[in-house]
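A short write-up of the structure that comes next.
None of the figures in this text is laboratory data; all of them are computed from the coordinates on show. Keep in mind it's a predicted model, so treat the numbers as computed, not measured. Cβ coordinates were reconstructed from backbone atoms using ideal geometry, including for glycine residues, and neighbour counts include every protein chain displayed.
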Amino acid sequence: MKIFHFKMWQTKKLADICDFYNGLWKGKTPPFINVGVIRNTNFTKDCNLDDSEIAQLDVEKKLFEKRKLQFGDLVVEKSGGGPKQPVGRMVIFNKKSGDYSFSNFTSTIRIKNPKEIDFNYLHKILYLKYISGETQKMQSHSTGIRNLNINLFKNIDINFPDMSEQKRIVKKLDKIFENIEKAKENTEKSLHNCKEIFENYLNNIFCENNWEVVKLSNIADYFNGLTYSPKNVSSEGTIVLRSSNIQNDSLDMSDLVRVKSKVKDKLIVQHGDILMCSRNGSKRLIGKTAKIDRLTEKMTFGTFMMIIRSKYNPYLLWFLRSKEFRKQVSGGENTMINQITRYMLDSVRLPLPKNNELNKLVSNIEILFEQTKKIGENYEKKLLLLDELKKSVLQKTFAGEL
């Protein structure tokens, strides 16, 4: 049943109803002002603003004055993204006080006439454009970075009724989304508990056994990644593994960068190596690992990565994923790691079982990992279905039907 008179809606291009502002560069000319800067890392997958890690930066005052965020602005990600996360995410700036701006990897959309378009309504339309893949078609991909074609983005058609109908639609959608989010929260809690069971199992292994304790540096070699510039990126050459190639604790080869640079022998990836993210714009990725279990051609690894190489790698992989390892490199198992350096690894100590115990232990860990992984995948499928439900509701709403 239709909930409104769809034929009475207007259609305008996004550029006709909004102004666009480019993001802020830090600048070098005083006077400076300290402000919060919204970056890509503050965008959630669901296009909400995560303000837990907003960077505070000293920026040129004259540049900031033209780029100060206002309540109700939409900030869109125009550069960045990844193989499973296209650019085009957008968030609502919902703060009514404080000095905030937005980075040069983003743009701000400001509604020209707030009496014509409600910013919450516009956000939901653009969110649908993103999750339905429309903005993905507007991105270009070069030097490992995805860029949103802003001209195409500005040309998006926006359908909208009068203001009272927009607010009614937003209210109705918010109620539906609230119920979907509750279901997602419960599912995510179950998924977290599943992962927690495995993590606690690992931690017990590395904390409660009377094995010989050794220094990591005595049983393994580890190397920092290759430093290269964009001008060395090529369609041919050596593959460079980056943080985006670690997905769900596995090696993902769907988004590759190649370089023409000469690579030292020790930085050529070998079968069985452990790839680790040692630095990244998002602290959540630091410490993520993947096992190199297939080599189809010559590969190295990037600046923000490390390789751990040892005859004990099947065992080390699980230690590096344990709370005990995070505790040693960060000062506490729940502390967010800023980076992992070779110096930090030099101080790491771990229990090492005897050879006759080691293979059986690794086998038991892998069996439990696979079991918990299958359970987790079922929860993740449910989360995907809930996301599909949200998309379906949006599609029906903006097509004039429910």
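General remarks:
- Label-point gap, in nm, between residue 99 and residue 150 - each point 7 angstrom along Cα→Cβ: 2.4
- Cα pair distances in the chain, grouped into 10 Å bins until the bin that holds the longest one, percent each: 4, 18, 26, 24, 17, 8, 2, 0
- Computed about the Cα centre, the dipole magnitude for the chain is approximately 900 debye when only Lys and Arg (+1) and Asp and Glu (-1) carry charge, each at its Cβ.
- Taking the centroid of alpha carbons for each part, region 206-248 and region 14-67 are 33 Å apart.
- Nearest-ten-degree value, helix 119-131 long axis tilted from longest Cα axis of the chain: 50
- Shape of region 126-223, Cα gyration tensor, a/c cut at 1.5: oblate
- Long-range lysine pairs (8 or more apart or interchain), region 303-393, Cα under 26 Å: 24
- Förster radius 51 Å - calculated FRET efficiency between residue 327 and residue 132, Cβ distance, rounded to 0.05: 0.75
- Degrees, to the nearest 10: 163-207 long Cα axis against longest axis of the chain: 10
- For region 9-160: Kirkwood Rh in Å [reciprocal of mean 1/r, alpha carbons]: 15.8
- Cα-based shape type of region 176-313, given that a ≥ b ≥ c are square roots of the gyration tensor eigenvalues and the cut on a/c is 1.5: oblate
- Across region 56-142, the volume of the C-alpha convex hull divided among the residues equals 126 Å³ per residue.
- Taken about its Cα centre, region 289-402 carries a charge dipole of about 260 debye when Lys and Arg each add +1 at the Cβ and Asp and Glu each add -1 at the Cβ.
- Only Cα pairs under 8 Å and 6+ residues apart enter the sum, and on that basis the relative contact order of the chain stands at 17 percent.
- Put a plus charge on the Cβ of each Lys and Arg, a minus charge on the Cβ of each Asp and Glu, and nothing anywhere else: the dipole of region 212-352 about its Cα centre is then about 320 debye.
- Residue-count net charge about residue 104 - beta-carbon cut-off 12 Å; Lys, Arg +1, Asp, Glu -1: +3
- Cα-based Lys proximity count in region 130-192, under 21 Å, for pairs eight or more positions apart or on separate chains: 7
- With R₀ fixed at 30 Å, the C-beta to C-beta distance from residue 12 to residue 174 puts the FRET efficiency at about 0.80.
- Between 22, 286, 356, the Cα set farthest toward the positive side of the dipole of the chain (charges on each charged residue's Cβ, about the Cα centre) is that of 22.
- Residue 190/residue 253 FRET efficiency (R0 30 Å; Cβ-Cβ; nearest 0.05): 0.50
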